[in-house]
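To keep things clear, I will list the structure first and then write my remarks on it.
The values are calculated or read from the model by the stated rules, or taken from the named source; none is laboratory data. Predicted model, so just to flag it, every value in this text is computed and none were measured. Cβ sites come from the backbone with ideal geometry, for glycine too, and all protein chains shown count toward neighbours.
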Amino acid sequence: MPSIINSDFESLPESYQEYIVTIYRLSSKTKKVTNIDISNKMGNAPSSVYNMLKKLASRKLIQWEPKQKEILLTTKGKRIAKQLILSHLIMELFLREYLGLIDDDQIHNLACKLEHHVTEPIKQGFRRKIGEEAYKNLEVIVEMESDPESTIKRLKEVFPSPKQVVSRFARKLKKLMPESEERIEIIKTEFLENL
């Protein structure tokens, strides 16, 4: 499995990164990506998309030529898209687990803005914080899932929030000790308030 640790995207302008991730996301949902698909998804004028496609092709990030309908990411383009998705997941975890944000839409929108600024030192610091095995699980999720939305859903399964863990534990405990259900709920509520 190729490593997605290095940060090829750090030297790319953010606008290039946005296009690469958009092409990657579209290609996971449909086999053929066109400039009209990109224009519709990003809300950019077709002429702007055309100009960016020329830039991406000149950097060997996509396989495309003018008048060609289909746009394909190169191996390097896919690697950069996966790096950005990994950065997005790191930011989602950071915002949810370490800053305590709970609104999924807010977390996703903030992670979309921050993913472009996750440099290698940030990744390595996060890797130390969550542990080697958990970080490798993140890389595997990104490598194995072709749909970024599935990747984020899978992230929540692999790294449930403390609230989810406590709630699951409380449900199991209530089943084992139904006579203590009220007390378990009180303890759970107090615990969650102190997170």
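Within region 41-68, the residues that satisfy the criterion of being more than 24 Å from the chain's Cα centre (by Cα) and exposed (fewer than 11 other Cβ atoms within 10 Å of the Cβ) are 45, 47, 58, 65, 66, 67. When we screen 78, 41, 82 for residues that are in contact (Cβ under 8 Å) with a residue 60 or more places away in the chain, under 30 Å from residue 126 (Cβ atoms) and in a helix (DSSP H, G or I), the only hit is 82. Comparison of 55, 32 shows that the only residue that is basic (Lys, Arg), in a loop (DSSP other than H, G, I, E, B) and without any contact (Cβ under 8 Å) to a residue 40 or more places away in the chain is 32. In this structure, residue 111 does not satisfy being assigned to a helix (DSSP H, G or I) and either modelled with pLDDT under 80 or more than 11 Å from the chain's Cα centre (by Cα) (or both).
Which of the residues that make up region 92-128 are charged (D, E, K, R) and without any contact (Cβ under 8 Å) to a residue 12 or more places away in the chain? Passing the criteria: 103, 104, 105, 113, 127, 128. Just one of (1) out of contact with any Asp or Glu (no Cβ under 6 Å at 6 or more places or on another chain); (2) closer than 24 Å to residue 151 by Cα; (3) crowded, with 16+ Cβ neighbours inside 10 Å fails for residue 28. It is (1).
The single residue among 4, 80 that is modelled with pLDDT under 90, surrounded by 20 or more Cβ atoms within 10 Å (Cβ to Cβ) and farther than 30 Å from residue 191 by Cβ turns out to be 4.
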